[in-house]
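Remarks on the structure that follows.
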Amino acid sequence: MNAPLKISMPAEASQAPKAYKLLIDGKHVDASDGRTIERVSPGHGFAVSRYAQAGATEVQAAVQAAHRAFESGPWPRMKASERAAVLLKAADLIETRLEEIARLDALESGKPIAQARGEIGGAVDIWRYAASLARTLHGESYANLGDDMLGVVLREPIGVVSIITPWNFPFLIISQKLPFALAAGCTAVVKPSEMTSASTFVLGDILLEAGLPAGVVNILAGHGADVGAPMVSHPLVEMVSFTGSTRVGKMTMAAASNSLKKVSMELGGKNGQIVFPDADLEAAADAAVFGGFFNAGECCNAGSRLIVHEAIADDFLRTVKALAEKVKVGDPLDDRTKVGAMISADHMAKVAGYVTAAKTDGGSVFSGGGQLASNAGQYLDPTIVRGVTEDMAIAREEVFGPVLSVLTFETIEKALHIANNTPYGLSAGVWSASIDTCMSVARGVRSGTVWVNTFMEGYPELPFGGYKQSGLGRELGKRAVEDYTEEKTIQFHRGQRTGWWVG
Ligand code: NAD
């Protein structure tokens, strides 16, 4: 039995929870009925934040404000260079406040502080990338329609966008959406997860300071049914950009279909890392541990299925186990921590339930396996389950915890079959020294991203999104701003019209 984790209480524990108001039309406001949501740090057990809790009245006010800002405000009409300047200023301000934002995300989500700093640094880069795209957004012209015609295709901002985000990467995910919507000239209503809203409220302040006009971005804290659902069904909203579970994504898409809104969906994953005997096995083992346990496995891109060639399975797994046992689990605010707290007690129980079910179904716990005792917060031991077969829930469903399921194969066909045998299609990894093997897997896997001899890297330049039930559409990449536009075709005619319809 391991000694209980010793979690130190940070200074915030002896202070009142930090209060956040809703941002509507450039003003910080309380909820009309005075309700609030309190967030308890999952790593420490004290109340860290208190947000005003929005409801139907606030959704109405926020959408109206975004609509006014779109219809008659300066933002959609500005030069792209002016919008880019605001985004660049915002990026600078995020960078200045990086430590504060990282700490809020670590305290509210339980993620390690060092990792949170990396995420906020990555977000700064994305805001700068979006600023560059604002200035390159353009349409098309057709001078090949005859001497008297000119066709021009404009890209216009789509309008008010409802943006809904999950709890696992609070600041990073809003940064994969909002700067691109803003670059296009859209206005937005944003709902972060009810568990991790603080850093999004800080972003709201940063945007006002950077010069964003009132009403262009409105931020509401609240629950999915009370706030997310009316943000999706509201008739003045033209597009919904959603990141979250496949279950809620499907509900959201169904609701958006009533008014035929454009949707962008970034959903769950059940990603496989395939390891061949000729790979750099030391690097692959490290990536297996990283893929399985990064962000405590609470990651859409988690490499939650380790698909290993039979010939190396025993030796390779011994290496993986040795590394897994070295992973430092504990206080999210400790710089050395690699795996922090689980987001909630309910979620932790759900994850543990998958491990129990796998044991009942014939799998065996090879490493880790349970809840870690601690003086505060909720923590799970990084766990490796062997003897997993394709039909088990742990191999098919998104576990979303620090649990690595091991499956084995003998042929490349079988490896591909296993990798693809899931309703999801977000990402995959392949480890081999053979270009043929790597290319066969990269071409054969049905997923939006494939990492070859690396894992879970991300760059704003590269599109990201899912095949199958992992989503719809792509974020990032050079077309990320286009996603928030409509195309308008204008046909110009010059000179005397001929060819009358009525003689
Ligand atoms: P979730 O689906 O429970 O919630 C996501 C957001 O939707 C939250 O803000 C929630 O309040 C809101 N919501 C809930 N019900 C709603 C409704 N009826 N209408 C509108 N909004 C509603 O997801 P979660 O638990 O916060 O996040 C984890 C999930 O997100 C995992 O499945 C993970 O794979 C996925 N995710 C995907 C990506 C990606 O890029 N593909 C990235 C991160 C997380």
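Could you tell me which residue of segment 466-480 is farthest from the ligand (Cβ to nearest atom), considering only residues that are in contact (Cβ under 8 Å) with a residue 60 or more places away in the chain and within 19 Å of Arg396 (Cα to Cα)?
Going through the qualifying residues, I end up with Gln469.
Every residue in segment 389-415 that is surrounded by 20 or more Cβ atoms within 10 Å (Cβ to Cβ), within 30 Å of Gly110 (Cβ to Cβ) and touching a residue at least 60 places away in the same chain (Cβ under 8 Å), please.
Residues satisfying the conditions are Ala395, Glu398, Val399, Phe400, Gly401, Pro402, Val403, Leu404, Ser405, Val406, Leu407.
Can you name the condition, by its number, that Lys270 falls short on among (1) at pLDDT 95 or above; (2) more than 8 Å from the ligand (Cβ to nearest atom); (3) out of contact with any Asp or Glu (no Cβ under 6 Å at 6 or more places or on another chain)?
For Lys270, the exception is condition (3).
Name the residues in segment 238-257 that are within 7 Å of the ligand (Cβ to nearest atom) and free of Cβ contacts under 8 Å to residues at least 24 places away in the same chain, would you?
Within segment 238-257, Arg247, Met251 qualify.
Collect the residues in segment 396-418 that are within 22 Å of the chain's Cα centre (by Cα) and outside any loop (DSSP other than H, G, I, E, B), keeping them in residue-number order.
If the condition is that a residue be within 22 Å of the chain's Cα centre (by Cα) and outside any loop (DSSP other than H, G, I, E, B), then Arg396, Val403, Leu404 are the ones that fit.
Across segment 328-337, what is the total count of residues that are surrounded by 20 or more Cβ atoms within 10 Å (Cβ to Cβ) and part of a loop (DSSP other than H, G, I, E, B)? Please lay out each step first, then the result.
First, the residues of segment 328-337 that are surrounded by 20 or more Cβ atoms within 10 Å (Cβ to Cβ): 329-333, 337.
So of that shortlist, the ones also part of a loop (DSSP other than H, G, I, E, B) come out as 330-333, 337.
So the count comes out to 5.
Being loosely packed, with under 14 Cβ neighbours inside 10 Å and part of a loop (DSSP other than H, G, I, E, B) is the filter here, so list the residues in segment 136-166 that pass it.
Listed by number, the residues that qualify are Thr136, His138, Ala143, Asn144, Leu145, Gly146, Asp147, Asp148.
Condition check: closer than 20 Å to Leu472 by Cα, within 14 Å of the ligand (Cβ to nearest atom) and touching a Ser or Thr at 6+ places or on another chain (Cβ under 9 Å). Does Thr165 satisfy that?
yes
Any residue in segment 343-354 that is within 26 Å of Ala279 (Cα to Cα) and more than 16 Å from the ligand (Cβ to nearest atom)?
Checked segment 343-354: no residue is within 26 Å of Ala279 (Cα to Cα) and more than 16 Å from the ligand (Cβ to nearest atom).
Could you figure out which of (1) assigned to a helix (DSSP H, G or I); (2) small (Gly, Ala, Ser); (3) surrounded by fewer than 15 Cβ atoms within 10 Å (Cβ to Cβ) isn't true of Gly362?
(1)
Test Ser304 against the criterion of being within 12 Å of the ligand (Cβ to nearest atom), crowded, with 19+ Cβ neighbours inside 10 Å, closer than 19 Å to Thr422 by Cα and polar (S, T, N, Q), and give yes or no.
For Ser304, the condition - within 12 Å of the ligand (Cβ to nearest atom), crowded, with 19+ Cβ neighbours inside 10 Å, closer than 19 Å to Thr422 by Cα and polar (S, T, N, Q) - is met.
If only one of Gly291, Gly330, Gly340, Gly268 is in contact (Cβ under 8 Å) with a residue 60 or more places away in the chain and over 28 Å from Val430 (Cα atoms), which one is it?
Gly330
The values are calculated or read from the model by the stated rules, or taken from the named source; none is laboratory data. Please read these numbers as outputs of a predicted model, since none were measured by experiment. Positions of Cβ are generated from backbone atoms using ideal geometry, with glycine treated the same way; all protein chains shown enter the neighbour counts.
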